[in-house]
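Student: Please find one structure pasted underneath; my questions will follow.
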Amino acid sequence: MPQIGYSRTLCYAGRMLAPLIGVSTSITLDKDPERAYVNTAYLRAIQEAGGIPVLLPPQLDEAALGVLWKRLDGLVLTGGGDIDPARFGDERHHATCEVSEARDALEIGLVHRALDDDVPLFAICRGVQVVNVALGGSLYQDIADQYRDTADPTHKPLPHSQTEPRDQPTHAVKVMGEGTRLGKILGALELEVNSMHHQAIKTLGRGLREVAWAPDGIIEGVELADGNRFVVGVQWHPEELVARDPAACNLFAALVGEARERANR
């Protein structure tokens, strides 16, 4: 029996090939009815890479989440609203918005589950901030108001909340190449990315290292210093760039590849 491509088949020789990838969702706030939702770009990017997305909304109770978690082979933490600054010991800034206690609790819990069970984790935009906070790090709650480039404090930060279309790159990112998982995955030490965030990593969480930066010094990529485990986060939105950018495709392919290996152990 010939083997069919990973993105078009679920099973081969009785074994699962397409790994199940958990995808965190956003939640509506102060609206009736309450909704859980996620941008379809994430789902398309995961499927194009050969994975099967499984939505993980904040409304899941612990029992339901536990059942799903046992079946997942990988995890994507998506973008969205801000994290409650109380989780990193800060007072709320006036620009902090769309805070969901339920989503914070779910995603921070997922980070610890992924680390405990060695589940490959790819974090995007808000997701990379969640990983950082879950590991004891802190955030700039508003880049424009709070951040200054330590190399030259007179320089204003870049406009990280772009008004251009979501699939249009707006600034460069430099990546540490030697000895980094992110550099190896991307296959490039400098790339153009899109930018849709007003918060960013301030102090790094335990076990993380910064491996990519915007021209103004904002941290754009992190990974777990323990190179044996797949925990990678980027501040941009590669799911919106996969149609034009091989580096964006490589990120999802790397996650799905790691998840597939785990599924077939």
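So that you can scan it fast, the table gives a plain yes or no per residue for (1) touching a strand residue (DSSP E or B) at 6+ places or on another chain (Cβ under 8 Å); (2) closer than 17 Å to LEU251 by Cβ; (3) of a type outside the set (A, V, I, L, M):
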| position | (1), (2), (3) |
| --- | --- |
| HIS171 | yes, no, yes |
| GLU178 | no, no, yes |
| GLY183 | yes, yes, yes |
| ARG206 | no, no, yes |
| ILE219 | yes, yes, no |
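Student: Name the pairs: first residue in region 164-178 and free of Cβ contacts under 8 Å to residues at least 40 places away in the same chain, second residue of a type in the set (Val, Ile, Thr), Cβ to Cβ under 6 Å, at least 6 apart or on different chains?
Tutor: Short answer, once both residue conditions are applied: GLU164/THR170; MET176/VAL211.
Student: Within region 227-247, work out how many residues are over 26 Å from ASP117 (Cα atoms) and aliphatic (A, V, I, L, M).
Tutor: Adding up the residues that qualify gives 4.
Student: If you don't mind, there's one more thing I want to ask. Can you tell me which residues in region 74-98 are touching a residue at least 24 places away in the same chain (Cβ under 8 Å) and among the aliphatic types (A, V, I, L, M)?
Tutor: Within region 74-98, LEU75, VAL76, LEU77, ILE83, ALA95 qualify.
Student: Which one is surrounded by the fewest Cβ atoms within 10 Å (Cβ to Cβ) among residues in region 132-158 that are acidic (Asp, Glu) and over 22 Å from the mean Cα position of the chain (by Cα)?
Tutor: Start the filter on region 132-158 by keeping residues that are acidic (Asp, Glu), which leaves 142, 145, 149, 152.
Checking the rest, the ones that are also over 22 Å from the mean Cα position of the chain (by Cα) come to 145, 149, 152.
Details: ASP145: 12, ASP149: 16, ASP152: 9.
Step by step, filter region 132-158, then rank; the result is ASP152.
Student: I would also like to ask the following. Could you check region 114-140 and list, in sequence order, the residues that are touching a helix residue (DSSP H, G or I) at 6+ places or on another chain (Cβ under 6 Å) and either assigned to a helix (DSSP H, G or I) or farther than 15 Å from THR78 by Cβ (or both)?
Tutor: The initial filter retains those residues of region 114-140 that are touching a helix residue (DSSP H, G or I) at 6+ places or on another chain (Cβ under 6 Å), namely 120-123, 130-131, 133-134, 138-140.
Matches in region 114-140: PRO120, VAL130, VAL131, VAL133, ALA134, SER138, LEU139, TYR140.
Student: Just one of THR78, THR40, THR96, THR25 is surrounded by fewer than 16 Cβ atoms within 10 Å (Cβ to Cβ) and modelled with pLDDT of 95 or more; which is it?
Tutor: Details: THR78 fails: surrounded by fewer than 16 Cβ atoms within 10 Å (Cβ to Cβ); THR96 fails: surrounded by fewer than 16 Cβ atoms within 10 Å (Cβ to Cβ); THR25 fails: surrounded by fewer than 16 Cβ atoms within 10 Å (Cβ to Cβ).
Going through THR78, THR40, THR96, THR25 in turn, the sole match is THR40.
Student: Tally up the residues in region 238-254 that are part of a loop (DSSP other than H, G, I, E, B) and surrounded by fewer than 24 Cβ atoms within 10 Å (Cβ to Cβ), please.
Tutor: At the first step, the residues of region 238-254 found to be part of a loop (DSSP other than H, G, I, E, B) are 241-245.
Going one step further and asking which of them are surrounded by fewer than 24 Cβ atoms within 10 Å (Cβ to Cβ), we end up with 242-245.
Total meeting the criteria: 4.
Student: I've got another one for you. Taking ALA259 as the residue in question, decide whether it is in contact with a Pro (Cβ under 6 Å, 6 or more places away or on another chain) and within 23 Å of ASN132 (Cα to Cα). Let's see the steps before the verdict.
Tutor: Working: in contact with a Pro (Cβ under 6 Å, 6 or more places away or on another chain): yes; within 23 Å of ASN132 (Cα to Cα): yes.
Considered against the rule, which asks whether it is in contact with a Pro (Cβ under 6 Å, 6 or more places away or on another chain) and within 23 Å of ASN132 (Cα to Cα), ALA259 comes out as yes.
Student: For region 171-180, give me the residue count where each residue is surrounded by 15 or more Cβ atoms within 10 Å (Cβ to Cβ) and at pLDDT 95 or above.
Tutor: Just the residues of region 171-180 that are surrounded by 15 or more Cβ atoms within 10 Å (Cβ to Cβ), to begin with: 171, 173-177, 180.
From what is left, the residues that are at pLDDT 95 or above are 171, 173-176, 180.
Summing the residues that are surrounded by 15 or more Cβ atoms within 10 Å (Cβ to Cβ) and at pLDDT 95 or above in region 171-180 gives 6.
Student: Which one of the conditions (1) among the small types (Gly, Ala, Ser); (2) under 26 Å from ALA114 (Cα atoms); (3) within 18 Å of the chain's Cα centre (by Cα) does SER161 fail to meet, given that it meets all the rest?
Tutor: Checking SER161 against (1) among the small types (Gly, Ala, Ser); (2) under 26 Å from ALA114 (Cα atoms); (3) within 18 Å of the chain's Cα centre (by Cα), the one that fails is (2).
Student: Another question, then. Quick one: which residue in GLY221, GLY217, GLY183, GLY257 is part of a loop (DSSP other than H, G, I, E, B) and among the small types (Gly, Ala, Ser)? Outline the logic, then answer.
Tutor: Numbers: GLY221 fails: part of a loop (DSSP other than H, G, I, E, B); GLY183 fails: part of a loop (DSSP other than H, G, I, E, B); GLY257 fails: part of a loop (DSSP other than H, G, I, E, B).
Going through GLY221, GLY217, GLY183, GLY257 in turn, the sole match is GLY217.
Student: Moving on. Just give me the residues in region 68-81 being more than 14 Å from the chain's Cα centre (by Cα) and either among the basic types (Lys, Arg) or part of a loop (DSSP other than H, G, I, E, B) (or both), in sequence order. Explain how you work it out, then say what you get.
Tutor: So the first thing to find is which residues in region 68-81 are more than 14 Å from the chain's Cα centre (by Cα), and the list is 68-73.
LYS70, ARG71, LEU72, ASP73 - these are the residues of region 68-81 that are more than 14 Å from the chain's Cα centre (by Cα) and either among the basic types (Lys, Arg) or part of a loop (DSSP other than H, G, I, E, B) (or both).
Student: Also, I was wondering about something else. Tell me whether region 86-93 contains one or more residues that are assigned to a loop (DSSP other than H, G, I, E, B), out of contact with any strand residue (DSSP E or B) (no Cβ under 6 Å at 6 or more places or on another chain) and more than 30 Å from ILE143 (Cα to Cα).
Tutor: Taking region 86-93 as the starting set, the residues that turn out to be assigned to a loop (DSSP other than H, G, I, E, B) are 89-93.
Subset that is out of contact with any strand residue (DSSP E or B) (no Cβ under 6 Å at 6 or more places or on another chain): 89-93.
Then drop every residue that is not more than 30 Å from ILE143 (Cα to Cα), which leaves none.
So far as region 86-93 goes, no, none of its residues is assigned to a loop (DSSP other than H, G, I, E, B), out of contact with any strand residue (DSSP E or B) (no Cβ under 6 Å at 6 or more places or on another chain) and more than 30 Å from ILE143 (Cα to Cα).
Student: Next up: So is ALA200 surrounded by 18 or more Cβ atoms within 10 Å (Cβ to Cβ), touching a residue at least 40 places away in the same chain (Cβ under 8 Å) and closer than 16 Å to VAL222 by Cα or not?
Tutor: On the way: surrounded by 18 or more Cβ atoms within 10 Å (Cβ to Cβ): yes; touching a residue at least 40 places away in the same chain (Cβ under 8 Å): yes; closer than 16 Å to VAL222 by Cα: yes.
Criteria met by ALA200.
Student: Looking only at region 19-67, filter to residues that are hydrophobic (A, V, I, L, M, F, W, C), touching a Ser or Thr at 6+ places or on another chain (Cβ under 7 Å) and assigned to a loop (DSSP other than H, G, I, E, B); which one of those is nearest to ALA259 (Cα to Cα)?
Tutor: Filtering region 19-67 down to residues hydrophobic (A, V, I, L, M, F, W, C) leaves 20-21, 23, 27, 29, 36, 38, 41, 43, 45-46, 49, 52, 54-56, 60, 63-65, 67.
From what is left, the residues that are touching a Ser or Thr at 6+ places or on another chain (Cβ under 7 Å) are 23, 27, 29, 36, 38, 55-56.
Checking which are assigned to a loop (DSSP other than H, G, I, E, B) leaves us with 29, 38.
Numbers: LEU29: 32, VAL38: 21 Å.
Per the stated criteria, the residue is VAL38.
Student: Looking at (1) more than 17 Å from GLY79 (Cα to Cα); (2) surrounded by fewer than 17 Cβ atoms within 10 Å (Cβ to Cβ), can you tell me which one GLY183 breaks?
Tutor: (2)
The values are calculated or read from the model by the stated rules, or taken from the named source; none is laboratory data. Predicted, not measured: the structure shown is a model, and the values here were computed from it. Positions of Cβ are backbone-derived with ideal geometry, glycine not excepted, and every protein chain shown enters the neighbour counts.
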